[in-house]
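Encoded as structure tokens, the structure appears first; notes follow it.
Each value in this text was obtained by applying a stated rule to the coordinates, not by laboratory testing. Predicted model, so just to flag it, every value in this text is computed and none were measured. Cβ placement follows ideal geometry from the backbone for every residue including glycine, while neighbour counts extend to all protein chains displayed.
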Amino acid sequence: MEEKLGRINDWAKGKPAPPKSIELITTNRCNEKCLTCWMRGTTEEALRATYPQEMSDERLRRLVDEAAEMGVYEFAFVGGGDPMARRVTFELMQRIRAKGMHGDLVTNGTLFRPGQIEELIRIQWDRIKFSVDGASPEVYDHLRGLPGGFRILKGNLLKTKDLKLQYNSRFPRVAFNVVITNSNYRDFLNIIELAHEVGCEEILLLPMTIFSDTGAKLKLNPEETREFQRLILEGMRRIKKYGIYSNMHEFLDTRLIQDTNEMDQVMLEEAKTQEERATGENRALTGAADEMNRNQRQLMQVFSGREENFRHLPCYMPWHHITVIANGNIAPCFNGYVWETKVSLKDNALAELWYGPYFEGFRKQLEARKLWDTCATCCVWRVFENREIRDEMRTRGPQERKTEERSGKDVDPQHRVSAIMRSLVDRAKEVVPLAGIRR
Ligand SMILES: C[S@@+](CC[C@H](N)C(=O)[O-])C[C@H]1O[C@@H](n2cnc3c(N)ncnc32)[C@H](O)[C@@H]1O
Ligand code: SF4
Ligand code: SF4
């Protein structure tokens, strides 16, 4: 979070900063046939037609080099298909670590080749997110369309645990991505037990976005949602006992399970609510300002305008993140836009796009607080992420942001008001030379 906030903060002050992260899809190829996957919304033929359009190995290597030169902090390999279905992915992971950047990998966990898990420990790869949609062959193999898939996945999870113990290594950290459907929510507590058994440190729930008719049939109905939420309460007790982190508590909010195809509305509402809360706090500050001398009042006025607006945007992706899909198309996130854009890394350098008019266009639209139609199917995690960014921007001053670790504790309203006040004054000091203020 510190890396991300630091860069967003620079942009807020008018100082361009490099992206914190690049989400890279190297291929749409995959060995599984998950019923939930976006690929079920397209034809096998259309998918195959994307393979020859993949960026070349050489362009991908160069992308890693460009990112390192720009000061990118981390890469995340996601899908698309399965990152490990393309050989060059593993080589890129080694290159990323050799250049001192960090890495995340999302995978179905069934495609590791001999020696690769050991090598990920050697290079201290940061994290592997295994997609675990069931804790038994019956549930997993059915949802993921790969007979024997669960056995291979579990074998690789246990191998990762054993090798990490053998090398006394904390890395790669193991996380579970769990897509919640009406075919697996009853297996949820068993998935927690599996996580404990294999040394998983994070369980990250993904309510299902509907990409196809097949996916639509797997959506939880309101009754199932309530039943699942009761399981979450028990799940929260277990992860506490096991010391596993999870975002499961977020899904006690029914909207985040039921309205996964209306995420644009959720995002806009959240930004508005947070702004209204802040406006209330600012009013309290204005009352206090009557007590202040003129000098201090003038300092407060400096904080209005663009920077204030920046604290309540619906989304911050184009200021810290890039998504690149297999054909080289590039955009600030994995929404419909990235599929439709004609802008590709095949014909452009990374820095030119990030600092040029292409990304500037995304930033302008979001500063005007407008989303795209395709934001309706935004990933729920982006809702959490944007909420956290707004919260942090509101409660912390620019100086603090660079050095402080996030405490994770709730900030009481009194503290929040004083934090805003501190940030107002700090910021104003940077912009207005004190001597320039008339008394
Ligand atoms: C598209 S997959 C690509 C990476 C890799 N093949 C895998 O399955 O882990 C990325 C993540 O999206 C999850 N996913 C699949 N279908 C989904 C859906 N309909 N809604 C939300 N997430 C989904 C997968 O379980 C996985 O964790
Ligand atoms: S393994 Fe990943 S990419 Fe492959 S079908 Fe499943 S969700 Fe889609
Ligand atoms: S889809 Fe992308 S641009 Fe739209 S709200 Fe989500 S992260 Fe932001």
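Between the beta carbons of E91 and K159, assuming R0 = 25 Å, the FRET efficiency works out to 0.75 to the nearest 0.05. Approximating the spin labels as points 7 Å out from Cα along Cα→Cβ, the Y242-to-D57 distance works out to 3.9 nm. Model label points for K364 and M1, set 7 angstrom from Cα along the Cα-to-Cβ axis, are 3.3 nm apart.
Just to confirm a number: summing +1 for Lys and Arg and -1 for Asp and Glu over residues other than P222 whose beta-carbon lies under 13 angstrom from that of P222, what do you get?
-1
With the simple model of a label 7 Å out from the Cα in the direction of the Cβ, E44 to S212 spans 1.1 nm. Cross-link partners for K219 among the lysines, with Cα-Cα distance under 25 Å and sequence neighbours closer than 8 places in the same chain left out: K33, K129.
If you take the Cα centroid of the range 326-397 and the Cα centroid of the range 126-193, the two points sit 30 Å apart.
Ranked highest first by average number of other Cβ atoms within 10 Å, how do 101-107, 21-27 line up?
On the way: 101-107: 20.6, 21-27: 24.0.
Ranking, from highest mean packing down: 21-27, 101-107.
So how much slack lies between L189 and L252, counting 0.36 nm per residue of separation and subtracting their Cα-Cα distance, in nm?
Values: separation 63, 0.36 × 63 = 22.68 nm, distance 1.57 nm.
Extra length available between L189 and L252 comes to 21.1 nm.
Which length gain, in nm to one decimal place, applies between E340 and Q265 when the Cα-Cα distance is subtracted from 0.36 nm times their residue separation? Display every interim value, and only then the final one.
Details: separation 75, 0.36 × 75 = 27.00 nm, distance 2.20 nm.
My answer for the length gained is 24.8 nm.
What does the convex hull of the Cα atoms of the range 180-273 come to per residue, in Å³, rounded to a whole number? Don't skip to the end; give the middle numbers.
Numbers: hull volume 10.2 nm³, N = 94.
Hull volume normalised by residue count: 109 Å³.
Diffusion coefficient (Stokes-Einstein, Kirkwood radius over C-alpha pairs, 4 °C, 1.567 mPa s) for the range 28-114: 91 µm²/s, rounded to a whole number.
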